Amino acid sequence: MELGISSYTYTWATGIHGSMPKKPLTRTDLIDKAANRGIKLVQIADNLPLETLNSDEINELKLYASAKNISIEMGGRGLTPGHTIKCLETAQKLDSLILRMVIDSTRFEPDIHTIISIIKDLLPELKSRKIRLALENHDRIKARDFEKIIQSVGSNMVGICLDSVNSMGAGEGFESVCDTLIPYTINLHIKDFKIYRVSYKMGLIIEGRPAGQGMLDIPRLVERVEDTGLCHSAILELWTPPEESIEQTLAKEAEWADKSIRYLKSLF
């Protein structure tokens with residue numbers, strides 16, 4: 001597997017609603033961060049959307065990445081047919097081998113039957129463009145339902161983007177999610193975490209950590225995913241808890257990213 005970084009490695013630097021840095025991270029900034037750290041892959045996701053770029057902007061980005069010897073993976077959000085095709089068109093222009101897709105978006109939370117129907121209709125587009133659709137396990141949908149989607153579609157053009165924390169939002173532990181979804185995983189999101197009790201003991205907090213400093217057994221996860229031979233990229237993501245100021249938060253995020261990259265490069 002190829003190790004990569006993402007626009008969700010630097011979520012605070014990219015900017016979130018209500019907390020924008022003075023100079024938000026750009027797509028070329030992310031490419032520079034990868035190149036400066038000896039990383040050859042970036043996944044640019046929906047917090048830095050690529051499908052909104054025009055043809056000239058896409059070509060400029062592709063040339064910039066190529067000059068730095070960086071490959072780009074496309075990430076999107078919202079599995080509506082029209083939007084997914086637009087994302088596929090962009091992914092093809094960027095020579096992305098996958099389209100990582102979060103199914104839900106604002107006012108769009110389809111049921112399992114609808115998801116399966118949409119993906120089946122998209123198969124000719126996926127095959128003609130030679131791009132695999134990587135569905136990210138993301139909060140609402142259970143791992144067994146993702147498995148049902150993959151099995152019902154029945155195509156090697158569709159698999160899972162396995163995220164190491166998201167399914168906790170659906171009340172599922174990562175070990176069981178791994179057991180269910182690793183056989184279909186074509187893209188891996190490595191996101192370390194810590195779970196601890198609140199001070200009054202009635203509740204738990206799930207919080208991000210630098211890779212290798214949390215509860216995730218990353219060496220074992222990487223080994224299990226590599227054993228299938230299906231997954232060709234592993235992307236670092238971070239859930240960095242904020243500090244008192246955006247400047248302190250950005251510094252913390254950058255420090256966590258560098259620590260995580262150093263750790264992960266020892267495994268790949």
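The values are calculated or read from the model by the stated rules, or taken from the named source; none is laboratory data. Treat the numbers as computed from the prediction; the structure is a model and nothing was measured. Note: ideal-geometry Cβ built from the backbone for every residue, glycine included; neighbour counts use all protein chains shown. To get the accessible areas, we keep the full protein, side chains included, count just its heavy atoms, and leave off ligands, DNA and RNA. Shrake-Rupley method; radii C 1.70, N 1.55, O 1.52, S 1.80 Å.
In summary, Tyr8 fulfils each of the numbered conditions (1) without any contact (Cβ under 8 Å) to a residue 60 or more places away in the chain; (2) buried (at least 21 other Cβ atoms within 10 Å of the Cβ) with the single exception of condition (1).
Yes/no matrix, rows are residues, columns are (1) out of contact with any Lys or Arg (no Cβ under 9 Å at 6 or more places or on another chain); (2) surrounded by 20 or more Cβ atoms within 10 Å (Cβ to Cβ):
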position	(1), (2)
Ile39	no, yes
Ile44	no, yes
Leu50	no, yes
Ile72	no, yes
Ser96	yes, yes
Ile112	no, no
Ile119	yes, yes
Glu125	yes, no
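Restricting attention to segment 181-222 and to residues that are open to solvent by 10 Å² or more (accessible area, probe 1.4 Å) and of a type in the set (S, T, N, Q), the residue that is farthest from Leu97 (Cα to Cα) turns out to be Ser199. Of all residues in segment 170-180, those satisfying the criterion of being modelled with pLDDT of 95 or more and surrounded by 14 or more Cβ atoms within 10 Å (Cβ to Cβ) are Val177, Cys178, Thr180.
Yes or no, residue by residue, for (1) in a loop (DSSP other than H, G, I, E, B); (2) within 27 Å of Ile160 (Cα to Cα); (3) touching a His at 6+ places or on another chain (Cβ under 8 Å):
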site: Leu30; (1), (2), (3): no, yes, no
site: Lys33; (1), (2), (3): no, yes, no
site: Gly38; (1), (2), (3): yes, yes, no
site: Leu50; (1), (2), (3): yes, yes, no
site: Asp56; (1), (2), (3): no, no, no
site: Asn59; (1), (2), (3): no, no, no
site: Lys62; (1), (2), (3): no, yes, no
site: Asn69; (1), (2), (3): yes, yes, no
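The residues of segment 90-129 that are more than 20 Å from Thr185 (Cβ to Cβ), among the acidic types (Asp, Glu) and in contact (Cβ under 8 Å) with a residue 24 or more places away in the chain, listed by number, are Asp95, Glu109, Asp121, Glu125. Determine whether Lys142 is in contact with a helix residue (DSSP H, G or I) (Cβ under 8 Å, 6 or more places away or on another chain), at pLDDT 95 or above and not aliphatic (A, V, I, L, M). The answer is yes for Lys142. Applying a threshold of 9 Å to beta carbon distances and a minimum spacing of six or more residues, or different chains, the list of pairs starting in segment 247-268 at a residue that is closer than 18 Å to Tyr8 by Cα and assigned to a helix (DSSP H, G or I) and ending at one that is open to solvent by less than 50 Å² (accessible area, probe 1.4 Å) and aromatic (Phe, Trp, Tyr) reads Thr249/Trp12; Leu250/Tyr10; Leu250/Trp12; Lys252/Trp12; Glu253/Tyr10; Glu253/Trp12; Ala254/Tyr10; Ala257/Tyr10. Can you tell me which residue in segment 14-37 is nearest to Tyr263 (Cα to Cα), limited to those that are small (Gly, Ala, Ser), open to solvent by 20 Å² or more (accessible area, probe 1.4 Å) and in contact (Cβ under 8 Å) with a residue 12 or more places away in the chain? Taking the candidates together, the pick is Ala35. Could you tell me which residue of segment 223-242 is nearest to the chain's Cα centre (by Cα), considering only residues that are crowded, with 16+ Cβ neighbours inside 10 Å and more than 21 Å from Gln213 (Cα to Cα)? It comes out as Ser233.
Could you please let me know if Pro49 is out of contact with any Ser or Thr (no Cβ under 6 Å at 6 or more places or on another chain) and farther than 22 Å from Tyr10 by Cα? Working first, answer last.
Numbers: out of contact with any Ser or Thr (no Cβ under 6 Å at 6 or more places or on another chain): yes; farther than 22 Å from Tyr10 by Cα: no.
So Pro49 fails the test.
Per-residue answers, yes or no, for (1) assigned to a helix (DSSP H, G or I); (2) surrounded by 22 or more Cβ atoms within 10 Å (Cβ to Cβ); (3) of a type outside the set (Phe, Trp, Tyr):
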{"residue": "Leu133", "(1), (2), (3)": "no, yes, yes"}
{"residue": "His138", "(1), (2), (3)": "no, no, yes"}
{"residue": "Arg144", "(1), (2), (3)": "yes, no, yes"}
{"residue": "Glu147", "(1), (2), (3)": "yes, no, yes"}
{"residue": "Gln151", "(1), (2), (3)": "yes, no, yes"}
{"residue": "Gly159", "(1), (2), (3)": "no, yes, yes"}
{"residue": "Leu162", "(1), (2), (3)": "no, yes, yes"}
